[in-house]
Every structure is written in structure tokens, then in C-alpha cells.
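Worksheet: one structure, shown below.
The values are calculated or read from the model by the stated rules, or taken from the named source; none is laboratory data. Since this is a predicted model, take the numbers as computed values, not measurements. In this analysis, Cβ positions are derived from the backbone assuming ideal geometry, glycine residues included, and neighbour counts consider all displayed protein chains.
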Amino acid sequence: MTSNSILFQPFDLPNGAQLSNRLAIAPMTTFSSHSNGTVSDQEIAYYKRRAGLAGLFISACIAISPTGLAFDHQFIAYDPAAILPRLKKMAEAMKSEGSKAVLQIQHGGSEVGKNLVLFNETVSASRVPSFSNPDVVPRALTDEEIKTIIKEFGFATKIAIEAGFDGVEIHGANHYLIQQFVSAHFNQRNDEWGGSLEKRLRFPFAVLEEVQRVAAKEGTSDFIIGYRFSPEEIHRFHGYDIEDTLQLVDGLISRGVHYLHVSQNDIQSVPHGSEEQGETIVHKLAAHIDGRVPLIAVGGIHLPDQATAAIDDGADLVALGREAIIDPDWTQKVKEDQLDQIQVKLDPSRQDALVVPDRLWKIITQPTGWFPLA
């Protein structure tokens, strides 16, 4: 058995869903849907081109509410008559080579574009300036509105089931609404949804329970429910730390989530304030989870030895993000031991071969440092 063979072992999730291998494709924004929120042909082709990369294929995030669009040309989950036919084609493309297709469901909170949402009004847990645009100050959600958004997560789950997806991933990371509720910086409420950590965690737990309720009613027993989270909030402020995240993790596990997906740019990151060569976040999370549910790790993985090292560090599954765009033949090359053929930098001349939508291509080929360019 080669050192890379572990990547291609089948893997069972707690609900009985079986993945063909221990690889996942991380959710990556395409910026390429039609202006009415339906999936475009370019997006469908993009997903089909990458269908053979991993056993678990997680989509870009879909907006669950007209109050929650995070960016221009994001697809939506709240107009079933318009969106279902195109979402079905997207699910079919993602599943075309045996992957489990998971739809990531999201509300942008104060990270939305004001021109994209209902009444041009941003909303969040509290009246605290947006992370990415401090000039934007959202309106604090009422109790009734919070409960409506929870129901909208459930409705998006029903749409995912009707479209033929194998599961959903709740987007609780990257400074969007769910993370805003978890954060003591963004959530300054003094009602049942804020204050202590226990109260700040009520919103993500309520979202999970609503998603589970709908899945039990509308789906099958092997419908997958995952949760993605940012392990720390350390940018300009300290809304929560890794120890708070361990309490979030425990609550999600006790409520029956099927996998946890840690969002970070570098798989070798250590907790804030730790020694540079100390225990990685992945290892700390894996040790705490202790096999209770699968942990997906992601962040800067381009070569198979980096992926196997993540599994050695305690991850159960490893997600490819930017690498899935740079080289959609990555898995085939690893299986055939063509490691010297793996592309680790984006070639700006290969858009057609890589099948990347025009809007996304324009963004990732800019020399901003987001993608390594050949």
C-alpha cells in the first residue's frame, strides 16, 4: 500500500452514507449564476468537470433568504418554481461520477451587499459594523425575524432534497450570519440569542435542529447534514477562541451532526497565541472530537503528501479548495502516480481546459495572491 492509498479508502458517515474516498471538494464561490439567482450553464459545466475529484462534493453557498445574499450572482434557494430545474441539473452534474453532492446553505448577515437584499437593508445579530465593510452598520434582527431565518434554512434543505442533493452543509464560518451570532464581538444582544456563550450558540443549534427536522420529514435516512465553522475569530477583534469553538463542536455533535468542516487558509495553522510549531488547530480539534463524528480539514493542500499528512494529524477527510480549480484531474494523477504532472499554480491560458466560468476566472487570475499563478 502506498502512502497515498489512504486517500482512496471508502469512508462511512454516521448516518450510513458511504463516500467512495476520503477526499472532499471544498465549497468555492463561483460568482456566476444568472441575475435571477438560477444556476448558469457555465456553473453546471464547472461542476461536471470536477465530479471525479472526490467522494464528497460541496457546492458554493446558496442564499437561503432574500435578506441574505452575500455577493453578486449568487444562486438562491427561496424561489423554487424558478430555481429547481437548474438546481437539479447542478446536482446531477456533481453526482455524475459517483460523488455525494452537498448543497451549502448560507445567510450573509452583515456581509451582504446592500444593493442585493430586500429593502437594501443589512441585518445581523446586533448593530455592529460589518467585518469586510466597516462603513456598513446592520440592523439588529428581531426575535421573530431570527425565527423566520431559521425556518428559511429548513426551507433551503427541502429545496436541496427536491433537487436531488445528497445533503446540505450549514455555513457557520467566514464571518457570515451564523458566525456573527456565535461571536461576542458581533453579537451584543441581551435576550435569549446573546450574552453568554451558551446563548450565542442557540442560533446555530436552532438552525441545525430545523434542518434535521425538515430532512427527517422530506428526505431519506442517509441524507447528509454537515456544518462548517471558522475555529477562531482573531481578525481585528476576538469574538471567540478555539476553546469556545470546542463547546460549539460538542453541541453540534450531541445534536447529531454528520460531519464537521473546519474552515482555514492553512491546514498547518496553530491556535492564536500558541507557539509557532505547536499543536495545529486540526490536531486539537481531532483530539477533542475523538472520533465522535468525522472532521474535514482544508487549507492550502496542493500535493497528496499534504493531504495524507492532514489525515495523520487527525482529520478523517481532506478537502481540496483552490487545487480543485487549478487541476481538476488531480485525483486521477495521484491514482496513476503521475505526481510530477500535478499543477499547483493556475495557468491563465487554460480557462477552456479547466472549465471555469468567466466571472470566476476574471477574479482568480488577478495577481492578488488568492490563487498562485503560473
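Some values worked out for this structure:
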item	result
Selected residue (only one of E279, E336, E323 is exposed (fewer than 13 other Cβ atoms within 10 Å of the Cβ) and free of Cβ contacts under 8 Å to residues at least 60 places away in the same chain)	E336
Matching residues, region 231-257, being crowded, with 21+ Cβ neighbours inside 10 Å, in a loop (DSSP other than H, G, I, E, B) and modelled with pLDDT of 95 or more	P231, V257
Criterion: touching a residue at least 24 places away in the same chain (Cβ under 8 Å), surrounded by 19 or more Cβ atoms within 10 Å (Cβ to Cβ) and not in a helix (DSSP H, G or I) - qualifying residue of I178, I161, I149, I105	I105
All positions within region 258-272 that are farther than 17 Å from V211 by Cβ and assigned to a strand (DSSP E or B)	V262
Any hit, region 292-308, residues being farther than 26 Å from A17 by Cα, not in a loop (DSSP other than H, G, I, E, B) and not polar (S, T, N, Q)	yes
Unique match (being modelled with pLDDT of 95 or more and either of a type in the set (F, W, Y) or crowded, with 22+ Cβ neighbours inside 10 Å (or both)) among A63, A51, A140	A63
Residue match in region 326-343 (condition: aliphatic (A, V, I, L, M) and under 21 Å from the mean Cα position of the chain (by Cα))	yes
Lone unmet requirement of (1) modelled with pLDDT of 95 or more; (2) assigned to a helix (DSSP H, G or I) for A24	(2)
Single condition K284 does not satisfy, out of (1) assigned to a helix (DSSP H, G or I); (2) among the charged types (D, E, K, R); (3) in contact (Cβ under 8 Å) with a residue 12 or more places away in the chain; (4) under 30 Å from T365 (Cα atoms)	(4)
Tally, over region 290-307, of residues that are surrounded by fewer than 21 Cβ atoms within 10 Å (Cβ to Cβ) and either in contact with a helix residue (DSSP H, G or I) (Cβ under 8 Å, 6 or more places away or on another chain) or without any contact (Cβ under 8 Å) to a residue 40 or more places away in the chain (or both)	8
All positions within region 207-216 that are farther than 10 Å from G154 by Cβ and under 20 Å from the mean Cα position of the chain (by Cα)	L208
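Conditions tested, residue by residue: (1) more than 28 Å from L295 (Cα to Cα); (2) part of a loop (DSSP other than H, G, I, E, B); (3) modelled with pLDDT under 95; (4) touching a strand residue (DSSP E or B) at 6+ places or on another chain (Cβ under 6 Å).
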residue	(1), (2), (3), (4)
A315	no, yes, no, yes
A319	no, no, no, yes
A324	no, no, no, yes
Q332	no, no, no, no
D340	yes, no, no, no
A353	yes, no, no, no
L360	yes, no, no, no
T368	yes, yes, yes, no
